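Enquirer: Please read through the structure below; I'll follow up with questions.
The values are calculated or read from the model by the stated rules, or taken from the named source; none is laboratory data. Values in this document were obtained by computation on a predicted structure and should not be read as measured data. A quick note on method: Cβ atoms are made from the backbone with ideal geometry, for glycine too, and the neighbour counts reach across all protein chains shown. To get the accessible areas, we keep the full protein, side chains included, count just its heavy atoms, and leave off ligands, DNA and RNA. Shrake-Rupley method; radii C 1.70, N 1.55, O 1.52, S 1.80 Å.
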Amino acid sequence: MAIGEFLLPEGFEAPRGLRTLGREASVLPEAGRWARQTAAERWNDRSRPYVGPDRSRSNAPVLLIPGFLAGDSSLTAMSHHLRRRGYRTYRAQIHANVGCTLASADRLERRLEAIALRREQRVTIVGHSLGGMLARGLAARRPDLVEGIVTMGSPMVAPGAAHTVLQMATGVFSGLSAAGLRAVMSADCLRGECAKESYRLSQVPLADDQGFTAIYSKRDGVVDWRACLGDSDHTVEATCSHIGMAVEPQVMRMVEAALAEHARRRRTALPAQHATAG
């Protein structure tokens, strides 16, 4: 087995078989729905004023972290959707998410610091699959930088509950690392101390004022959807493939709603905090 057994607790299982993986073929019509929605929005924009009541902007910073094997470009559609709704989106500066998770977390922490300093406020993270697990660890590690997180198909509770095809891929990367390729996961990242520390960070409780919304799909052909629920304060069920979460309009609306809810909670909590301090 390429990954440590502690990453697959009792009660969860790794999806297997081509039939299960075949659910991911629905990403094509899901992407088509996004393309149609985008075209319709652009058409409607022609008749809307650039400045007006329906052109409100929150300017809240959002960092997007891609999933395993994917890069920033995989979340381009999500970025466009959120930007059209007034959010400031930022790339994770990841070309392919295949490196050591602790090293990735260190780089993302520096990225968070730069964004928070520039925007003079905490950042919300939206992460897809492995990106969501990285987001969870960062939120626990740096509550001073992270406003909240939204995860999409991220098996936080059981990172090892991923399709056997992906487990084979991690095994390949481990072999490449042993052969001298430093930019990929090593055996330690998959079943050693590195893996244990990454998993521990993803289980540390979040601060009371940090929002956490987990989006999952029972049609997920890549991970066990039950592992995506974790300790989030709000779970939302989507109807799409695992890969499709990055392009499905339904999920984009869920992410948008989660960001708005996190902001409302934060505004509600502030007066109470000031009153307590007084």
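Enquirer: Considering region 167-188 alone, what residues qualify as being crowded, with 23+ Cβ neighbours inside 10 Å and out of contact with any Cys (no Cβ under 9 Å at 6 or more places or on another chain)?
Expert: Residues satisfying the conditions do not exist here.
Enquirer: Among 195, 269, which is the only one that is hydrophobic (A, V, I, L, M, F, W, C), more than 25 Å from residue 169 (Cα to Cα) and at pLDDT below 90?
Expert: 269
Enquirer: Restricting to region 78-95, and then to whatever is assigned to a loop (DSSP other than H, G, I, E, B) and open to solvent by 50 Å² or more (accessible area, probe 1.4 Å), can you tell me which residue is farthest from residue 126 (Cα to Cα)?
Expert: Out of the qualifying residues, it is 95.
Enquirer: Are any residues in region 58-77 part of a helix (DSSP H, G or I) and either free of Cβ contacts under 8 Å to residues at least 12 places away in the same chain or touching a Leu at 6+ places or on another chain (Cβ under 6 Å) (or both), and if so, which ones?
Expert: Correct list: 73, 75, 76.
Enquirer: Filter region 104-157 down to the residues that are at pLDDT 95 or above and of a type in the set (Val, Ile, Thr) and list them by number.
Expert: Within region 104-157, 115, 123, 124, 125, 126, 146, 149, 150, 151 qualify.
Enquirer: Conditions first: (1) in a helix (DSSP H, G or I); (2) at pLDDT 90 or above; (3) open to solvent by 30 Å² or more (accessible area, probe 1.4 Å). Residue 44 passes all but one, so which condition is the exception?
Expert: (2)
Enquirer: Residues of region 175-213 being assigned to a helix (DSSP H, G or I) and among the charged types (D, E, K, R), which ones?
Expert: 188, 191, 193, 196, 197, 200
Enquirer: Residue 264 - would you say it is without any contact (Cβ under 8 Å) to a residue 12 or more places away in the chain and open to solvent by 30 Å² or more (accessible area, probe 1.4 Å)?
Expert: Answer is yes for this residue.
Enquirer: Going residue by residue through region 144-165, is there one that turns out to be out of contact with any helix residue (DSSP H, G or I) (no Cβ under 6 Å at 6 or more places or on another chain), closer than 26 Å to residue 229 by Cβ, in a helix (DSSP H, G or I) and hydrophobic (A, V, I, L, M, F, W, C)?
Expert: yes
Enquirer: Additional query: Here's a check for you: in region 2-28, which residue that is open to solvent by 70 Å² or more (accessible area, probe 1.4 Å) and either aliphatic (A, V, I, L, M) or not in a loop (DSSP other than H, G, I, E, B) (or both) is farthest from residue 185 (Cα to Cα)?
Expert: Here the answer is 28.
Enquirer: From the list 76, 101, pick out the single residue that is at pLDDT 95 or above and within 16 Å of residue 131 (Cα to Cα).
Expert: 76
Enquirer: Considering (1) in a helix (DSSP H, G or I); (2) buried (at least 22 other Cβ atoms within 10 Å of the Cβ), say which one residue 216 fails and leave the rest.
Expert: The single condition residue 216 does not satisfy is (1).
Enquirer: For residue 111, are the conditions met, namely being touching a residue at least 40 places away in the same chain (Cβ under 8 Å), open to solvent by less than 10 Å² (accessible area, probe 1.4 Å), in a helix (DSSP H, G or I) and basic (Lys, Arg)?
Expert: So residue 111 does not fit the description; no.
Enquirer: Would you mention how many residues in region 230-261 are crowded, with 16+ Cβ neighbours inside 10 Å and at pLDDT 90 or above?
Expert: Residues meeting the conditions: 21.
Enquirer: Quick one: count up the residues across region 114-143 that are among the polar types (S, T, N, Q) and assigned to a loop (DSSP other than H, G, I, E, B).
Expert: So the answer is 2.
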